[in-house]
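Only one structure is covered here, and it is reproduced in the block below.
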Amino acid sequence: MIIVSGWITVDPDARETYLKSCAGVVEQARAFAGCLDFALGADLVDAGRINVYERWESEEALAAFRSSGPEEGQTAMIRSAEVLRYRISGAGPA
């Protein structure tokens, strides 16, 4: 299993616009073969932060979906980011 997790920052005034522009990507990802979960969400305490969480069955599924990155307009809005990929060997109830 692969988990992609982290954050991006945008100008606080642009966060809702950025998130709305990502709705189609979230829908596409969730419908994509091998996607177990995909979410982008506004942070509760930082007005410019967007939290990123993805869960994939395999590296292959993630690579197939990642054939392209964010749209040019979205990329221009990003001020900073830290998003990492983790390989998970097992999981169970919390």
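The values are calculated or read from the model by the stated rules, or taken from the named source; none is laboratory data. No experiment lies behind these values; they were computed from the predicted model shown. Glycine gets a Cβ as well: all are built from the backbone with ideal geometry, and neighbour counts include every protein chain shown.
When only residues in segment 1-11 that are outside any strand (DSSP E or B) and not charged (D, E, K, R) count, which is nearest to the chain's Cα centre (by Cα)? Top of the filtered list is Val10. Answer with yes or no whether Tyr18 is loosely packed, with under 13 Cβ neighbours inside 10 Å, aromatic (Phe, Trp, Tyr) and at pLDDT 95 or above. When the stated conditions are applied, Tyr18 does not pass them. Checking each residue in segment 21-57 for being of a type in the set (D, E, K, R) and surrounded by 15 or more Cβ atoms within 10 Å (Cβ to Cβ) picks out Arg49, Glu54, Arg55. Checked against (1) modelled with pLDDT under 95; (2) surrounded by 15 or more Cβ atoms within 10 Å (Cβ to Cβ); (3) among the hydrophobic types (A, V, I, L, M, F, W, C); (4) under 23 Å from Ser89 (Cβ atoms), Met77 passes all but a single condition, namely (4).
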